[in-house]
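Where a number appears in this text, it was derived from the coordinates with a stated rule and is not lab data. Everything numeric in this text was worked out from a predicted model, so none of it was measured. Note that each Cβ is placed from the backbone with ideal geometry, even for glycine, and that neighbours are counted across all protein chains shown.
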Amino acid sequence: MAVEIVLPQWGMEMQDGTVVGWLKQEGGPIREGEPLVEIETEKIETELESIASGIVAHILVPEGATVPIRTVLAIVAEPGEEVPRPAAAPAAAKAAAASPAAAVNSVSVQVVPAARRLAKQHGLELAQVQGTGPNGRILLADVESAIQSASTPPPKP
């Protein structure tokens, strides 16, 4: 029987979460308790574990999309089970992907939450920041350095 993996509410003030990256691919096997997707909220970045074993039948929310709590992120099915794809991705994910704020969240590299917030506060495009963390991850120091460089006037000739 197919199981919907939904974005849980991890805190009283949590309203939504951003899909940072999928750790499994559609059609791939997954076991209950295995990390499925990385989610970022205002306060944390964490991995959401699968609540079922089977095959990842459908991934419904793309990386970089911000969706409200209780949104179905993926569907896990039994091997060989045919599960129809839901009609459309959530409207909130489409709206988030089209909004200017989503441009900050749509960078394909990993970004620590504090660095993402600081970049957003200063209107800095994360695509212009060179990450120095593991696997090119953008750290807080990287964003601070980019802000410093942008605010420092070029030397006079």
Expressed in nanometres to one decimal, the distance between label points 7 Å along Cα→Cβ at Gln9 and Glu47 is 2.7
In the neighbourhood of Gly54 defined by beta carbon distances under 12 Å, the net charge of the other residues (Lys, Arg +1; Asp, Glu -1) is -2
tail above 15 Å in the computed P(r) of segment 2-77, as % of all Cα-Cα pairs, reads 48
Two pseudo-spin positions, 7 Å from Cα along C-beta at Glu26 and at Arg85, lie apart in nanometres by 0.4
